[in-house]
Structure formats: structure tokens, C-alpha cells
Amino acid sequence: MKAEAFTYDLGTRIDLSKLEKLNYFRRTDNSDALVTDLKGLTLMVLSNGRIRLFEHERDFEQIRDKMLTASIEIYSIIEDIIKTLGLKVSAKQIISSGRREELGTDDLALFERKQNLSTHVLRSLLFASYDLAGDFQAERISTQAGEQIGRKAVKIKKPQSKEELIRLLKKLFDDLGLGKLSTVEREKGSVTLEAVFRVDDCALCSGVAPVNKKLCNLTRALLRGAFAEFKHMESITANETKCWGMGDTYCEFEVYSLAK
Amino acid sequence: MKKIPLGIPGLDEMLGGGVPENHSILVCGGPGTGKTSFGMQYLYKGALMGEKGAFISLEQKSKRIVEDVQNAFSWNVEEEIEKGNLLMLDVDRYNFQNMIDLVQSSVMHHKVKRVVIDTITMLRLFFRDDYEFRKGLFNLLDFLSSINVTTIATVEKPYSVREEAVFGLEEFIADGVIMLYNMPKKNQRIRALEVLKMRGTDHSKSIYPFQIASDGLNVLLEEVL
């Protein structure tokens, strides 16, 4: 699996709140990152000191030309960051640290927040399955696991209403350490839209560099399985619409029921 | 090699008892040749034999298919659906992942052994180009075999007679291909079928007429075209 981003390293953890005075940055909700848009690219500054350049749904080859066009702006932003934080490095040194971001089964410390053992194990399994079994099979394995978890939770707890189901899912996510699950209200929903969920601090993908893949098949299938079991119908679909793996900073899932 | 009877009289004899287990078989034909009925008969007869099935509908609403089949044939499809022996599933047609989720859930959770996908032609809409389609189709058929289901997938073809048959990449990937025709004879049309390909087993190479009656499809082996 390869990350499709170009990353610089300040070499130290940083306090993002000090950079908020640079008015071209905006804080993303519930994430330890600041972002700015740069001639079609997204420049993200992480609290672990990494500065990541990427474009949503584009691979590295496709963003390289834009990086050349934006090189002066990139240099200028890095200079601003160094000056604001009082770091004892030069922009030239940081630029020379730049590399194409590679992910592997041993590369879990992309986002150095409190990661417990189970998150490390979960991500190791996830990336190992992609590396060894290929994208299709890896997705199927995660889906099977997620579906079983979702169905079992509903079978055991037997929620009596959709509201109760949603409360059950929120607790399940907390108990399992999968992330913070919340619901999203949509102004214009469709009659078949059952729910829209947002996950912050996702155990599967939070902090992962963009890999042009939606990574959270386990979560997606968990939601699908839970609704399928709750409604006693199979024609339920769950789609992941946002994921760190695609360059977003949280996960989002839409659950639909189709005709019975 | 274990064989799975299709439940279509005459055709099972042409195949020496049925199709090899866990194979993916394409049923190809033009409009009105009986592809959907073929798939439903495969599942219905399988349910009567104790093998659960799932019908994945990418084109028509599954509710409509059940109504049509109940009206056309003397089968009690609704009873098998009520018992949970037959799952009728609609798919969000532009999402390949959702379709695979449905199949996987049917098999792993409901212990389905027979799957019909109607129609694989619609799958092409899920992909940007032929390369991605071929990869997706290969992954799908390989996956189905790996989870121990025997699959019938229908394929829409623009022709109704043998002489106009053109083969797409699906026919090369699948384990078996059964062609359905609606051939003109004098002032009417005759339905006919042939087994073009079936890996792992010998099969009849002749074209036979078949009829669609109240009990379903029936191949007339006493006539050869």
C-alpha cells in the first residue's frame, strides 16, 4: 500500500494552536491538524510535526506538477511555520526532508496520538491483509468481520427502535475503541436514507496519509450488519463517503435501505 | 467432481447431471429468451432440494420478478421466500461494493449455496473502462467460487439466433456458458439452447429446443435442431 502524499518533517511535535494566528490555516473539527488550500493541493500540518501535501483522489504522479507550480508558496508557508514556532531549523532543511509517503505493515506511527496496543494490532492486521491478500480480498475480510460484529450486537441487545439502535452503536464504538460515533443531520435526505454517521478518531484510519482508498470496510460493514439485523432485511447498503485514506479528516458513512 | 443439478429437465441430462459445484455459469441470450426464468428456476428447484439461494437483481425490482414468476408458473416462490430459502435482493445499481456485500452476507450469514446475478451486463456500469470491468468481474467470480457457491449470471446479448452470436470478455472468464436463442422458423419463433462451454465436465454439443410452460423451462431432448 502506498500513501499518495508528499510529506515534510519538522522533526519535533508542535503546538498547533500557535499556528492558528497564521490566518490562512483553518482547524479541522475534532482532529489534530491544520489545513490550507494551495493551488488545488491540500497542505496539512499535524501535531506530530509532519507537513503533508496531497490532493483528494489523486495519486502522487498527478500532484507532482502542482507541487512544482506551488513550490514558492510551499517554501513561504514553511518559513512562516518555523518563524512562528521559533524552531531552530531552516526552511531549506525542511524542504530537503521531503519524501513521498510510504505506508507498510510496520509503519503505524503516522499519527502520534495515544495509540493503544489494540489499535496497533488492528491496523497491522488491516495493512497486512492489503499487502498479502490484495485489495479485493482484504476488503472482503474486513467486511465479514464488521458484519458479524454489527449483527451480533443487535442480536444480543435487541434494540426496539432506531433511536435505541443508534445509542447501541455509539456505545459499541466507545466500548470497542473504534472511534467517536455521531449522527449527521441531512437537510435533504432521501426516503431510503436510514442514517448518516460520522466517526472521529477512527481506530482504523485516523491520521493515515492519503492512500486513495477508503479503509474502513469493517466499520462500514458493522453499520450495514447492524441495520440489516435490526430491520430483518438484506437490501441495506452502507457507503463510506469520507475517510482519512481519501484525504479527509474524519470518516462518514451513509446507510440506505432499498426496496424490500 | 460433485455436480449441482440446475433443476431444468433435459438440461441436467445434457450436462451429465448438472454443473460442477462452485462454478460460475453464464446464461446468455437476447431479449425474451428466458434468462430470468432460467435463474429463478435454478433457485426455486434448489430451494425445494434444501439448498438456499439468493437472487441479486440489478435491473428489475425483485418484487416485480416474484410477481411475474408467480403469475407465469405453478411454483410457490413466495412460500420459499417466507421460509427463508430464497432471498430476493435489490442492488444499488452503480455500486459494485454494495453488490458484493449483499452476496457475501447472503452466503456467510444465511448459508446460501446458489446465487443468481441478473444481469451481469449491468455490472459494466459500475466500472470506468473494460480493464476495470474485467478485473472486477474476475474478482467477483473468483470470490464466489472461493465461498462455495454455484453461480448463474445472466448476460444480455443483442442477438437471438446462433449465427449472430458475438462473445464478450465475460464468456472467456466464466467456467461455463449456456446460450439461449429465439430462432425464427417459418412464421414463428422457437426457443433453443446449447451448452457452449463447461469446464470440468463433458457435455452435449447439440442445440435443443426448449419450452417455457407452467412448470418452468423444459428442454426437449427428443428433438435436435
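Only the coordinates and a few stated rules stand behind these numbers; no lab work does. It should be emphasised that the depicted structure is a prediction, and the values quoted were computed from it without experimental measurement. Note: ideal-geometry Cβ built from the backbone for every residue, glycine included; neighbour counts use all protein chains shown.
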- Item | Taking only Cα atoms of segment A:117-257, radius of gyration then Dmax in Å | 14.4, 42
- Query: For labels at B:I207 and B:K111 in the simple 7 Å Cα→Cβ model, what's the distance in nm?
  - Reply: 4.4
- Helix-only [θ]222 nm of chain A, DSSP H runs n ≥ 4, -39500 (n - 2.57) each, per residue, nearest 500: -13000 deg cm²/dmol
- With the cut-off at 26 Å, report for segment B:3-219 the share of all Cα pairs above it, as a whole percent. 29
- Task: Compute the normalised compactness of the protein assembly as shown: alpha-carbon radius of gyration over 2.2 N^0.38 Å, N being the residue count.
- Result: 1.17
- Item | Calculated from backbone phi, Karplus (6.51, -1.76, 1.60) coupling profile of segment A:69-84 in Hz, x at Gly/Pro | 5, 9, 4, 5, 5, 4, 4, 5, 5, 5, 4, 4, 4, 4, 5, 5
- Let me know the Rg and Dmax you get for segment A:2-102 when you use only its Cα atoms, in Å. 12.6, 35
- Message: Restricting to DSSP H runs of at least four residues, report the calculated mean residue ellipticity at 222 nm for chain B, -39500 (n - 2.57) per run over all residues, nearest 500 deg cm²/dmol.
- Response: -9500 deg cm²/dmol
- Message: Below 13 angstrom from the Cβ of B:N218, what's the summed charge of the other residues (Lys, Arg +1; Asp, Glu -1)?
- Response: -3
- Task: Answer with one residue from B:M49, B:I207, B:V27: the one whose Cα lies farthest towards the positive end of the charge dipole of chain B, charges on Cβ with Lys, Arg +1 and Asp, Glu -1.
- Result: B:I207
- Would you order B:M179, B:M1 from fewest to most other beta-carbon atoms within 10 Å of each residue's own beta-carbon? B:M1, B:M179
- Evaluate peptide B:135-145: per residue, the Cβ atoms of other protein chains within 10 Å of its Cβ; return the mean as an integer. 1
- Any chance you could give the angle, 0 to 90 degrees and rounded to 10, that helix A:117-157 forms with the longest Cα principal axis of chain A? 40
- Rounding to the nearest 20 debye, state how big the charge dipole of the protein assembly as shown is about its Cα centre with +1 on each Lys and Arg Cβ and -1 on each Asp and Glu Cβ. 740
- Residues of segment A:46-63 with amide N under 19 Å of a point placed 7 Å along Cα→Cβ from A:S96: A:51
- Message: Using a 10 Å cut-off around each Cβ, can you sort A:L22, B:L125, A:L68, A:L34 from fewest to most neighbouring Cβ atoms?
- Response: A:L68, B:L125, A:L22, A:L34
- Task: Calculate the mean, over all residues of peptide A:212-223, of how many other protein chain Cβ atoms lie within 10 angstrom of the residue's Cβ.
- Result: 1
- Item | A:V89 versus B:A72: modelled label distance in nm, points set 7 Å from Cα along the beta carbon direction | 6.9
- Query: For labels at A:S17 and B:M1 in the simple 7 Å Cα→Cβ model, what's the distance in nm?
  - Reply: 6.9
- Note on the structure: Measuring from its Cα centre, segment B:36-98 shows a charge dipole (+1 at each Lys and Arg Cβ, -1 at each Asp and Glu Cβ) which, in debye to the nearest 20, is 100
- Query: Taking every residue in B:58-69, how many Cβ atoms of other protein chains lie within 10 Å of its Cβ, on average?
  - Reply: 1
- Task: Sort A:K92, A:K231 so the one with the fewest other Cβ atoms within 10 Å of its own Cβ comes first.
- Result: A:K92, A:K231
- Message: I need to check one value: relative contact order of segment A:159-220, counting alpha carbon pairs closer than 8 Å and at least 6 residues apart, in percent.
- Response: 24
